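Each reported figure results from applying straightforward, stated rules to the coordinates on display, with no laboratory input. Bear in mind that the values here come from a model prediction, so they are computed numbers and not experimental data. Don't worry about glycine lacking a Cβ; one is built from the backbone with ideal geometry, like all the others, and counts go over all protein chains shown.
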């Protein structure tokens, strides 16, 4: 991790984190509107411009008409209907390009000016690598839905999401370091019970988000619109009849996603009481209360998404609150580790 604090770099890192979060949320909107397969080619440079004539529009539409999604899902779609989904995916890719510029231009500027010392460039280089990696995975995800089925690989979708979240987490962690100070990594600080619980909770949150990604990729949210029962039962039969069900069965995946959220909420409650017991600063305990409220709100949204058959507005808000919870989890781990170093 870096050692040199810089206010300008901090502001850039917070802004970049926000741009990445926006990109993730907008990607969710594109998925929910079934717009992600509307552009069938990945042209990072030439694709930055939309079709500029009716002939160009017709050419793009003709390419889309060869895809499984058009043939099996949208055979009656008109050119005007195609334009609607095209524009959503085009804006998604434009935001991705802008996110790339919001990383590349400042990082080289700060490196040239010395605000980022060369010996501390490693962490920023990893961010750039993660950005490129999630972009490539985004195209591989889209490509998986252009061959023989009208949907993308739920594994690739989840990996695309996790790479983007890794980028968000790393940039946010670095921003917090510039804000509060970087820990002296040359001297090891023992992990306190509070920090260990927080990391455990973070791991559970990542697992829950991963199952959310697979739920989205498989459109498993449409499996059942009842709660707490599925197919009239609290635990339907056959969910865990085979190990691969944990990764491939829509019914099993959405069942886990439904109930694992309560485990994550339980960890937040545990962290709060541990923080109170160990005399954590008041701003941390108050923040944990906000996180607890957010977790409860997130579960409520999830239930409503089920009951209302994946209404887009609610599903998108559900995803946004998950990203917010992810960011807050990183914030608390950062603060807890700072307390560990302060006790040395």
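Quick look at the numbers
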| read-out | value |
| --- | --- |
| Peptides ranked, highest mean first, by Cβ atoms within 10 Å: ranges 224-236, 249-261 | 249-261, 224-236 |
| Calculated FRET value between residue 180 and residue 71, using beta carbons and R₀ = 51 Å, to 0.05 | 0.40 |
| Largest-first principal axis extents, alpha carbons of the chain, Å | 67, 59, 31 |
| Inter-probe distance in nm under a simple model that places probes 7 Å from Cα toward Cβ, at residue 34 and residue 286 | 4.8 nm |
| Gap separating the Cα centres of the range 8-74 and the range 161-192, nearest whole Å | 31 Å |
| Sorted by Cβ density within 10 Å, fewest first, the residues 97, 337, 282 | 282, 97, 337 |
| Distance histogram in 10 Å bins (all Cα pairs of the range 55-115, percent per bin) | 19, 33, 19, 15, 12, 3 |
| Translational D in µm²/s for the range 189-344 (Stokes-Einstein at 20 °C, 1.002 mPa s, Kirkwood Rh from C-alpha pairs) | 129 µm²/s |
| Segment residue 115-residue 259, extension gain: residue separation times 0.36 nm, minus the distance between their alpha carbons | 47.2 nm |
| Residue exposure sequence - 309, 53, 195 - by fewest surrounding Cβ within 10 Å | 53, 309, 195 |
| Compactness of the range 1-182 as Cα Rg over 2.2 N^0.38 Å, two decimals | 1.18 |
| Rough spin-label spacing in nm, given labels placed 7 Å along Cα→Cβ, for residue 59 and residue 199 | 5.4 nm |
